[in-house]
Amino acid sequence: MAVHPNRKALWFGTEERMGWFPTPLRGADSTPEGWGTSGTLLNGGGYGFNSWGTHKTYTYEWPESSSPEVAQMMKSYRDGTYGRGLIYFIDPLAYTTNILPALWADPSMAVGGEGPSIVPGVEPEGVPTSSGGANFLPTSSAYFSSVPAGDASDVARTVFIPIPEGFVLHMGAFYSGSAEICVSPVSSSGALQPAVPLTPLSPNATNIAPDTFTGGRGVRLWVRGPGDLTATALIARLVKVGANPGAVAQITRGPWVGGQGHSGCRFQGAPTYVTNSPIAGGRIGFAATFREVGSWEYGI
């Protein structure tokens, strides 16, 4: 896939092989899904129940004038040609909001077993967020009384966040305690680099994404114990390498925004492949549907 570091392309692939892929057509569906039921009671009242946790589903279509090579590239990812792990991609419209999965952006979503915990096997207790109105932080934080020791080599403890070529990843974490929220960079060869603790931010911080990472395949985000942890919110944003100071300042400015990314997807079925014309070697229309499974598949 051609290098094309701007918002007219989608950073797409597996952890082993990622690159720039043509963006899908407008109107792409990325609706979150969760459990829910509702109805009418015998006395005429209403009821409604839903899971607080959700997962993302994506239905993407590409132009009918696409080349056979581009359409086959999507099929090759489905075939496992470029790795049989999870599929990752980042919506360019989320670069300046929050590319993290919702469950990592707001760890309190796991309170009461309503979603996967950012500390595997440890369900957090919900505690009120002390302040943070200026940054619109979640009203509840996730308190972990005992975070076990471990490291990022245990994939189930982590979520992978890709870094598109030509971009810098800015991250921030609102947390406190003796345990740490860490980032372990992944080199271009796939080697896991030493963990870097994210800077613990105060609720009313003006720079909400002070920690930067660039190069390599991306980073693994995880929680390092032993100790206790109160996690309120996390954020990750992208800015082009060499961006002017004004653009960087905009990226690091509050308020916090909920997570608009995902924890890794699998193909739902196989991509479609429709031959539309023999011109220029063939013109193909194709589409693919992806379902977020990462946080559940790895037991996070």
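When GLY85, GLY113, GLY80 are screened for being outside the structural domain of LEU229 (by TED's automatic domain parsing), out of contact with any helix residue (DSSP H, G or I) (no Cβ under 7 Å at 6 or more places or on another chain) and on the phi > 0 side of the Ramachandran plot, only GLY80 passes.
Yes or no, residue by residue, for (1) surrounded by fewer than 20 Cβ atoms within 10 Å (Cβ to Cβ); (2) part of a loop (DSSP other than H, G, I, E, B):
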{"residue": "ALA156", "(1), (2)": "yes, no"}
{"residue": "VAL168", "(1), (2)": "yes, no"}
{"residue": "TYR175", "(1), (2)": "no, no"}
{"residue": "GLY190", "(1), (2)": "yes, yes"}
{"residue": "PRO194", "(1), (2)": "yes, yes"}
{"residue": "ALA209", "(1), (2)": "no, yes"}
{"residue": "THR212", "(1), (2)": "yes, no"}
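Restricting attention to region 96-155, the residues that are of a type in the set (Asp, Glu) and at pLDDT 90 or above add up to 3. For region 55-65, check the following and say yes or no: at least one residue is outside any strand (DSSP E or B) and either among the charged types (D, E, K, R) or free of Cβ contacts under 8 Å to residues at least 40 places away in the same chain (or both). Yes; the residues of region 55-65 include at least one that is outside any strand (DSSP E or B) and either among the charged types (D, E, K, R) or free of Cβ contacts under 8 Å to residues at least 40 places away in the same chain (or both). Looking at region 131-154, which of the residues that are within 20 Å of the chain's Cα centre (by Cα) and among the aliphatic types (A, V, I, L, M) is surrounded by the most Cβ atoms within 10 Å (Cβ to Cβ)? My answer is ALA142.
Can you work out which of the residues in region 18-42 that are assigned to a loop (DSSP other than H, G, I, E, B) and β-branched (Val, Ile, Thr) is surrounded by the fewest Cβ atoms within 10 Å (Cβ to Cβ)?
Residues of region 18-42 assigned to a loop (DSSP other than H, G, I, E, B): 23-28, 30-31, 34-35, 41-42.
Remaining after also requiring β-branched (Val, Ile, Thr): 23, 31.
Values: THR23: 18, THR31: 9.
Among those residues, the one meeting the criterion is THR31.
Every residue, every condition in (1) more than 19 Å from PHE267 (Cβ to Cβ); (2) assigned by TED's automatic domain parsing to the domain that holds SER108; (3) at pLDDT 95 or above, yes or no:
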{"residue": "THR14", "(1), (2), (3)": "no, no, yes"}
{"residue": "PRO24", "(1), (2), (3)": "no, no, no"}
{"residue": "ALA28", "(1), (2), (3)": "no, no, no"}
{"residue": "THR31", "(1), (2), (3)": "no, no, no"}
{"residue": "THR37", "(1), (2), (3)": "yes, no, no"}
{"residue": "GLY46", "(1), (2), (3)": "yes, no, no"}
{"residue": "TRP52", "(1), (2), (3)": "yes, no, no"}
{"residue": "MET73", "(1), (2), (3)": "no, no, yes"}
{"residue": "SER76", "(1), (2), (3)": "no, no, yes"}
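Of the strands (runs of 3 or more DSSP E) lying entirely inside region 228-291, those carrying at least 1 residues that are among the β-branched types (Val, Ile, Thr) and modelled with pLDDT under 95 are 274-277, 283-285.
The values are calculated or read from the model by the stated rules, or taken from the named source; none is laboratory data. What you see is a predicted model; the values in this text were computed from it and never measured. Every residue, glycine among them, receives a Cβ derived from its backbone with ideal geometry; neighbour counts consider all protein chains shown.
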